[in-house]
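Just below is one structure, and these are the notes that go with it.
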Amino acid sequence: MAHPAVAVLEYHLVGYRRVWRGSVFSSFVLPLLFFLGMGVMVGEYVDRGGSLDLPYLDFIAPGLLAFSALQIGMAEASYPVMSALKWHKTFYAIAAAPPRVADIVAGQLAFIGLRTLIASTVFLAVMAAFGAAHGWWALAAVPVAVLVGLAAAAPVAAYTASVETDSMLALLFRLVQLPMMLLAGVFFPVDQLPEVLRPLAYAVPLWHGVELCRAATVGAAPPWPVALHLAYLALWLVAGWYLARARFSKRLAV
């Protein structure tokens, strides 16, 4: 007999098999168009200025890989979770069956991790086709991207279980995701930010994922120790896991 968390994952996979076409644009096409537009086209002009010590395509591609993983994690932990808690009440039905709240959270995060894994693998393949992945170490960017997606998804799932209206989710994307993308070194080095803003960049999980993905695809060590970056991302995941389990338990009253 499958573990209850695996059964929850299977539920998500069965549902995703019916609707996966709707996620192709946001999960695959849009990030790749952004990669081509910014990395290939804008990159030609940035390289002429010589402000970076590597081609702009090599700089921005791993940043976009990490951000697309974070985007998937936040998206899957927001509206689908609210739907299952508030509108369709799916999690209430699951909680009435053998799966526990911990199994519901684990199954949700496992599904998000699988979604991120597939999208990140495709993104890395496109990077390799355009020469933006150097050496076998580039493969390490995929598990890093999955960790970034989960580090974002777990606390967002806890937040979603704490709010009542989807307008609060819209604020999350506008006031958290967008500034994170601009501050975390995706498009330009963090040391070009004003000094007062740099601690904010270091505090968000995306910057740590960007640094690790860039180090893997470029083939150079990041400025901070790899273990420190990984530990910080793991901290976000573990803390988010416990918060999500607590909020789900309160919401489902079990």
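The values are calculated or read from the model by the stated rules, or taken from the named source; none is laboratory data. Since the model is a prediction, treat every value here as computed from it, not as a measurement. In this analysis, Cβ positions are derived from the backbone assuming ideal geometry, glycine residues included, and neighbour counts consider all displayed protein chains. Side chains included, ligands, DNA and RNA excluded: accessible areas come from the protein's heavy atoms. Shrake-Rupley method; radii C 1.70, N 1.55, O 1.52, S 1.80 Å.
Quick rundown of the values:
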item: Qualifying position, being surrounded by 15 or more Cβ atoms within 10 Å (Cβ to Cβ) and over 25 Å from Leu54 (Cβ atoms), among Ala140, Ala153, Ala216; result: Ala153
item: Odd one out for Leu237 among (1) open to solvent by 50 Å² or more (accessible area, probe 1.4 Å); (2) within 30 Å of Pro99 (Cα to Cα); (3) hydrophobic (A, V, I, L, M, F, W, C); result: (1)
item: Criterion (within 16 Å of the chain's Cα centre (by Cα) and at pLDDT below 95) met by exactly one of Ala184, Ala170, Ala157, Ala221; result: Ala184
item: Where a residue in segment 57-71 is among the β-branched types (Val, Ile, Thr) and its partner, wherever it lies, is open to solvent by less than 10 Å² (accessible area, probe 1.4 Å), with Cβ under 9 Å and at least six apart; result: Ile60/Phe35; Ile60/Gly39; Ile60/Gly43; Ile60/Ala132; Ile60/Val186
item: Odd one out for Pro199, checked against (1) open to solvent by 70 Å² or more (accessible area, probe 1.4 Å); (2) on the phi > 0 side of the Ramachandran plot; (3) not β-branched (Val, Ile, Thr); result: (2)
item: Hits in segment 85-96 (condition: of a type in the set (A, V, I, L, M, F, W, C) and touching a helix residue (DSSP H, G or I) at 6+ places or on another chain (Cβ under 8 Å)); result: Leu85, Phe91, Ile94, Ala95
item: Identity of the residue in segment 80-121, of a type in the set (Phe, Trp, Tyr) and at pLDDT below 95, that ends up most open to solvent (accessible area, probe 1.4 Å); result: Trp87
item: So Ser23, is it under 16 Å from the mean Cα position of the chain (by Cα), modelled with pLDDT under 75 and under 27 Å from Leu114 (Cα atoms); result: yes
item: Residues of segment 199-221 satisfying the condition of being closer than 24 Å to Val156 by Cβ and free of Cβ contacts under 8 Å to residues at least 12 places away in the same chain; result: Pro199, Ala203
item: Tally of residues being more than 12 Å from Ala151 (Cβ to Cβ) and either open to solvent by less than 40 Å² (accessible area, probe 1.4 Å) or not aliphatic (A, V, I, L, M) (or both) across segment 219-234; result: 5
item: Residue, most open to solvent (accessible area, probe 1.4 Å), within segment 47-60, restricted to residues that are farther than 23 Å from Ala75 by Cα and at pLDDT 70 or above; result: Asp53
item: Scope segment 59-84; condition out of contact with any helix residue (DSSP H, G or I) (no Cβ under 6 Å at 6 or more places or on another chain) and farther than 17 Å from Leu169 by Cβ; matching residues; result: Phe59
item: Segment 117-159: number of residues that are touching a Gly at 6+ places or on another chain (Cβ under 8 Å), of a type outside the set (A, V, I, L, M) and under 14 Å from Leu237 (Cα atoms); result: 2
